[in-house]
Structures are given as C-alpha cells and as structure tokens.
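Notes follow once the structure below has been shown.
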Amino acid sequence: MTATAPEHAGPEVRKAPASPPSGTRPGTVRRSLFRALPVSPAVVLLLLFLAGPIVYCVVIAFTDLQLTGQAQESFVGFDNFTRAFKDEAFLNAVWLTLVFTVLSSLIGQNTLGLALASLMQRASKPVRTLTGGIVVTAWVLPEVVAGFLLYAFFRREGTLNAILDWLHLPSQNWLFTLPILAVSFANVWRGTAFSMLVYSAALNEIPKEVTEAAEVDGASGWRRMWHITLPMIRRSIGTNLMLNTLQTLSVFGLIWVMTRGGPSGKSQTLPLFMYEQAFQNSLIGYGTAVALLLLLIGSLFSVVYLRLLRTEV
C-alpha cells in the first residue's frame with residue numbers, strides 16, 4: 001500500500017489585533033482633568049471677578065437702572081446706545097479719547113520710549129543707570145500723585161510758567177487753554193518707562209554682527225534704524241502699541257486730578273464721561289452702555305494689532 005504524502009500547509013495567516021474603539025479613552029480624560037486641577041482656581045477667580053462683572057454690565061446696559069429716584073429698573077433695549085450716538089457730549093468724548101490716545105500713546109510714549117532705548121544702548125553705564133532710574137520713577141508713581149505733580153507743573157502759578165517768565169516768554173493757563181495737550185504730555189511723562197523697557201529688551205536681542213556689518217557697508221544711523229532695527233523689533237513694537245493703547249484708553253485718575261474733564265468738557269475722555277453719567281448723574285444704565293462702547297473701541301484696536309502681529313517678519 002503506497003503512502004500518500006501529506007499536503008504542504010501554506011503559511012499561517014494571523015489575524016490582526018482588533019483596533020481599540022474610536023473615541024477618547026477614559027485614562028486620557030482622567031489625565032487631562034488631573035492636569036487642569038492646578039489652574040482651576042485661577043479659572044474660577046477669572047470667571048467670578050472678570051467674566052461675571054462683564055456679563056452683569058452687559059445686562060444692565062440694556063436697562064434704565066439709576067442710583068436714586070427709581071423703584072425698579074426696566075428693559076429699554078438699545079435706547080442707551082442710541083442716546084449715546086445722539087449725545088454731542090459723548091461724541092466729543094470719543095474724539096478727545098482718540099486724540100489723547102494718539103498723542104500720548106501711539107506718538108508720545110512709543111516714539112520717546114524707542115528713542116531713549118536707542119540712546120541708552122550707546123551711553124555709558126552711569127548715564128544708563130541715571131536715565132533709567134529717573135524714567136522708571138515717574139512710571140512707578142501712583143496715578144494720583146503723578147496727577148498732582150503735573151497739575152503743579154501746568155497750573156497758572158506753576159513751574160512751567162515760572163520758567164517761561166524767567167526766559168521772558170509769554171505764559172498762559174495751560175490747563176485752561178490747552179487741557180487735552182497738557183494731560184497728553186502728563187501721560188507721556190508717566191508711561192514712557194514701559195515702552196523704554198520693552199524696546200531695551202528688544203534691542204538687546206538684535207545680533208551685533210548685523211548692525212556692525214551694516215555700519216561697515218556705510219549705512220547711516222537712520223538707514224540702520226529704518227531697514228534693520230525696526231523690522232527686527234516689529235513684533236515688540238506691535239505688542240507695546242497694543243498694551244499702551246489699552247492702558248491709555250482706561251486712564252482716569254490722571255485726567256481727573258489735573259482737569260476733571262474741563263474746562264467745558266475740553267479734556268473729558270470716555271472714562272470721565274462714563275463716570276459723570278453713572279455716578280454724578282446717577283444714570284447707571286447709560287453709563288454702563290458707554291463703558292461697553294469703550295470696551296468695543298479697545299477691542300477694535302486689539303484686533304488691528306493682533307492681525308499685524310500675525311504677519312511674519
């Protein structure tokens with residue numbers, strides 16, 4: 001009997017392990033929650049003390065809430081906002097706010113801060129220490145104290161007119177004739193230190209080889225500043241402009257101490273107009289609507305700066 005040869009078995013085919021079900025694993029969720037625990041107190045505080053008041057302000061901006069003489073507030077829709085755009089005092093405050101922001105922040109603090117930072121790069125160490133100390137001292141002063149100092153400088157019998165009289169030059173009551181310029185100068189004097197510190201840090205990050213090569217090629221100081229320095233610190237410029245603009249839009253104490261928005265509203269910016277309507281005229285609803293419009297203006301500036309910062313150098 002002839003034995004039959006066994007058939008050759010083919011290669012064994014192994015089944016691939018089953019893939020885990022789609023979706024987030026429970027372990028991943030637990031790890032994410034565990035990592036979020038350290039920041040949860042900060043998130044709760046932000047929601048409680050930042051988001052909460054903002055939501056409440058949005059609600060009462062659509063009401064006729066008053067401090068006195070009212071039993072219960074009522075919903076008025078967009079009447080407060082319509083009233084604002086028909087109010088000449090509000091439109092004047094918007095214009096003065098833009099003038100104050102452009103003069104003191106975009107032009108004053110930004111330009112002077114960059115100039116001081118550039119000069120201090122070439123100055124000796126004692127000069128840098130002395131200049132930085134003087135400028136930073138003005139920055140760390142409380143806003144009310146700075147306001148009183150600049151009031152004493154610009155008032156009719158103040159330091160500025162004393163200097164002008166000594167030089168036999170005509171003097172005037174600066175807080176009455178040019179109040180918005182006076183408060184703009186005061187804000188420049190007080191806030192330039194922040195821009196100087198930002199630009200000093202940015203200039204220190206520029207490689208010395210780049211500027212030295214441009215100097216060897218014969219580029220003048222202005223050409224090096226325009227074609228090398230400014231493009232390389234463009235992101236710092238955008239960040240500084242955004243922070244300075246938002247801070248300037250909210251300046252209240254400095255102007256209040258110096259002029260209280262006068263004379264006849266010639267230095268009344270939106271924060272002062274909002275305070276007048278809400279707490280002096282007792283129109284909380286209307287004043288809160290003005291505050292939301294101020295928040296909208298700051299948001300528009302922020303959007304513009306953030307779009308500029310997205311562009312790569």
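A few points about this structure:
- In segment 137-151, the residues that are touching a residue at least 60 places away in the same chain (Cβ under 8 Å) reach residues that are open to solvent by 70 Å² or more (accessible area, probe 1.4 Å) and assigned to a helix (DSSP H, G or I) with C-beta atoms within less than 7 angstrom, at least six apart or across chains, in these pairs: L150/W189.
- V183 being of a type outside the set (S, T, N, Q) and touching a residue at least 24 places away in the same chain (Cβ under 8 Å): yes
- Among (1) open to solvent by less than 50 Å² (accessible area, probe 1.4 Å); (2) closer than 30 Å to N92 by Cα; (3) not acidic (D, E) - the single one R224 does not satisfy: (2)
- Scope segment 48-94; condition small (G, A, S) and assigned to a loop (DSSP other than H, G, I, E, B); matching residues: A61, G69, A71, S74, G77
- Residue that is modelled with the highest pLDDT [pool: residues in segment 9-55 that are of a type in the set (S, T, Y) and either surrounded by 10 or more Cβ atoms within 10 Å (Cβ to Cβ) or in contact with a His (Cβ under 6 Å, 6 or more places away or on another chain) (or both)]: S40
- Residue within segment 244-253 that is without any contact (Cβ under 8 Å) to a residue 60 or more places away in the chain and over 24 Å from L160 (Cβ atoms) present: yes
- Qualifying helices (runs of 4 or more DSSP H) (wholly inside segment 118-207; at least 3 residues being surrounded by 15 or more Cβ atoms within 10 Å (Cβ to Cβ)): 125-140, 143-154, 174-177, 179-204
The values are calculated or read from the model by the stated rules, or taken from the named source; none is laboratory data. This one's a predicted model, so the numbers in the text were calculated from it and none came from an experiment. As a convention, Cβ positions derive from the backbone with ideal geometry for all residues, glycine included, and neighbour counts pool all protein chains shown. Accessible surface areas use protein heavy atoms only, side chains included; no ligands, DNA or RNA. Shrake-Rupley method; radii C 1.70, N 1.55, O 1.52, S 1.80 Å.
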